[in-house]
Each structure stands twice: as structure tokens, then as C-alpha cells.
1. Among A:150, A:107, which is touching a Leu at 6+ places or on another chain (Cβ under 6 Å), among the aliphatic types (A, V, I, L, M) and modelled with pLDDT under 95?
2. Give the residues of the range A:45-78 that are among the polar types (S, T, N, Q) and free of Cβ contacts under 8 Å to residues at least 24 places away in the same chain, sorted by residue number.
3. What do you reckon, is residue A:97 within 7 Å of chain B (Cβ to nearest Cβ), more than 28 Å from residue B:3 (Cα to Cα) and of a type outside the set (A, V, I, L, M)?
4. Collect the residues in the range A:57-80 that are more than 7 Å from every other protein chain (Cβ to nearest Cβ) and in a helix (DSSP H, G or I), keeping them in residue-number order.
5. Restrict the check to the range B:86-99 and report whether at least one residue is within 20 Å of residue A:49 (Cβ to Cβ), buried (at least 19 other Cβ atoms within 10 Å of the Cβ) and under 22 Å from the mean Cα position of the chain (by Cα).
6. Can you tell me which residues in the range A:108-143 are in contact with a Gly (Cβ under 6 Å, 6 or more places away or on another chain) and either closer than 19 Å to residue A:52 by Cα or more than 7 Å from every other protein chain (Cβ to nearest Cβ) (or both)?
7. Looking only at the range B:68-96, how many residues end up being over 14 Å from residue A:145 (Cα atoms) and touching a Ser or Thr at 6+ places or on another chain (Cβ under 7 Å)?
8. Please verify whether residue A:116 is within 24 Å of residue B:144 (Cα to Cα) and exposed (fewer than 15 other Cβ atoms within 10 Å of the Cβ), treating the condition exactly as stated.
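The values are calculated or read from the model by the stated rules, or taken from the named source; none is laboratory data. Just so it is clear, the model here is predicted, and its values are computed rather than measured. FYI the Cβ positions are ideal-geometry reconstructions off the backbone, even for glycines, and counts take in every protein chain you see.
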Amino acid sequence: MSEPNTIKPFLKEMNTDFEVRSLDTMCVNKSELQHPSWYNLKYLVAGILFGIILVKSEVVSWFRIQEMFRFQSFHMYGVIGSAIVVGFISIQLIKKFRIKSIHGEPIELHPKPFNKGQVIGGLLFGFGWALTGACPGPLYALVGSGALVIIVALGSAVAGTWVYGLLRDRLPH
Amino acid sequence: MLEWLRHPWPWYISGPLIGLMVPLLLLLGNKSFGISSSLRHVCAVCFPSKIPFFQYEWKKEIWNLFFVAGIMGGAFLAAYFLSDSQPVQVNPKLAHELSQYGVTNYNSLVPTDLFSWNSLLTAKGFILIVVGGFLVGFGTRYAGGCTSGHSIMGISSLQMSSIVATVCFMIGGLIMANFILPYILQL
């Protein structure tokens, strides 16, 4: 199945397959380059770094999430806020100097069009975040850190994604 | 140095490091930072079930599964080799509130009083682990991203939809943590 490469914000038909599919960053394939599969090991290394940071910053802790939602600690706001600032500056620098990827490709960003899912799905995810004390990255990190019962939460998250896929044509977008 | 690494890292160290994941993935291969898509890829690989949403060339997205496998590995390294084994330091107000529900063990990142194989079979544990996990998977995919894809990657690239999503994540979490969770913890 070939995916459109560009976003067409003027597309007016509600809930067309393309419009819905472009809501996800994935499925908008960014690279035409073919690499041997071991090239993916670089993402494994990036993931290892991210996993270490997630655990050492304690953002994977249920306790830290409860503090955040009760405004009892600045920690989580500091982490997310400073991450956004650094991410923003990095993207501005990449754009300004037209920095290319290590394979020489121009770096592309794909807009995520607005739809009702960000509100309804966002609220539902917020409920789940406060219950489990973990968003998807921390779910993986907690399993790795030895909290093995979180495998059940991760499996349940896969089930939630699957049910969304099953129902999505009937959900408001 | 190693001693310092073993303590929990302050926000002004860990936040910027998380932010650097954005340019790192873009430079490594034009990838947008995001985690929740990996849940979709797992569905596409293991249980596509002829659902159109899971019919795509997941092999082109396999990088994301390498990334989350790395997260597990990194978390393992941090927990077993970079830990000072000290209890999680929380705000005394939270500790007081949680003590009313019998949560007193701060030795693990997750409260073992609530999250354990035994508690899984109780109403409280089932809601926290299974219902909570389901809402994370369903909600992130419905919203088109999670904390990393929307709140960090999306806001960093000034996407209005990501700002809306992040505000909704926070509202949902505030409602649950302050108004609903206390009743669940009493179960």
C-alpha cells in the first residue's frame, strides 16, 4: 500500500481514509532509502539512552505522576518543559541550517492535523496516565526495570490500541 | 562521577536530555520521536485480523520497535547498575494521602502495595493495571500520539493539535488523580 507523501490540509471530506491515516506520524513514510536491517541497531542504541534517562529522572514513577497531577512537585513540569525547549531549539537549528540526516537526506517534519480525537482520546489517555502512572515509553521502561507486573499493563495497552483500530470508523474524528 | 550518576537526576539534566532525543532521531534517519505508534505496530505484526488500520507495511516502521526494545534494555541497565537503591522521595502531602490507602512502600518506582501479581486479581489492582493500560493504548492512538509524540515532538515543532492534545492529557489526568482515583484506592 503506498502512502501519500504530503499533507493536504485543504482536504475537506470528513473522515476519509487518508485524512485519518495521516493523523499518525507513522504511515507517512519518510525515507526512500533502503538499508540493511542491522542499520536499525542505531535506534536500539538511542532507545537504550532514552530508557536510562527515563528511569534515572524517575518520570516513570507512579509517585512522580501523582505529584504532577496534584501540583505537589515541579519535577515533571521541569522535565517536560525543558525537553520541549531543547526540542524546539534543535528543530529551529535544523531548519535554519538545513541540516541533513546522517544519510544525507533532507529532514522533513509532518504536520498532525487537528481532529476531535486529540480531545476525546487525549482525555482518555489522561485517565489512563493517572491510573497506571505511566505513558507508553515508561510502560516499556518499567518492564525493563524489573516491575514485571507492568507487562500486563503493556499488553492491555496493545489491546486498547487494537480495539481503537477495530472501532475507529465508528468513532468521531 | 559514577556515584553522582546513581542518584536520581534532576529535571534540568534529564529534561534537556529527553529533548535531545528529537534531533537525535531526526538526524539518525528522519524519524519523528514517538512511542505509542509501537503499540500499533505490535498489533499489525501480531494481530492484524484484517482490520484496515493494521494493514500497512510495518516493516518500514520497524525502527520504532528497535527503539522501544532499547528503552527496555536501557531501563534494565539503569535499574540494576545505576541505582542507589534509595526510596523515592515524594512530597509529604502525597505520602500522607497515600498512607490512608495503605501505600507506604517507596522502595520501588511503582508502589508495590498497589502493583503486584497478587493485586492484579483485586478490583483496585485490576483497574489500575488493566483498565489503566487499556486507556493508555486506546487514548494515545485515538489522540494520534502520547507524551513523547504530542507533548514533546509535536509542541517542539509548534503543532496546534499537539498543544490541544497535551492540554487534554493534563485535564484527564487531573480529573482522574484528584476526583476519581481516591475512590478507586479505597476499594
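1. None of the other options fit; the residue is A:107.
2. Of everything in the range A:45-78, those that are among the polar types (S, T, N, Q) and free of Cβ contacts under 8 Å to residues at least 24 places away in the same chain turn out to be A:57, A:72, A:73.
3. no
4. Answer for the range A:57-80, where residues must be more than 7 Å from every other protein chain (Cβ to nearest Cβ) and in a helix (DSSP H, G or I): A:64, A:65, A:68, A:76, A:77.
5. no
6. Correct list: A:141 only.
7. Going through the range B:68-96 one residue at a time, the tally reaches 2.
8. Yes: the conditions hold for residue A:116.
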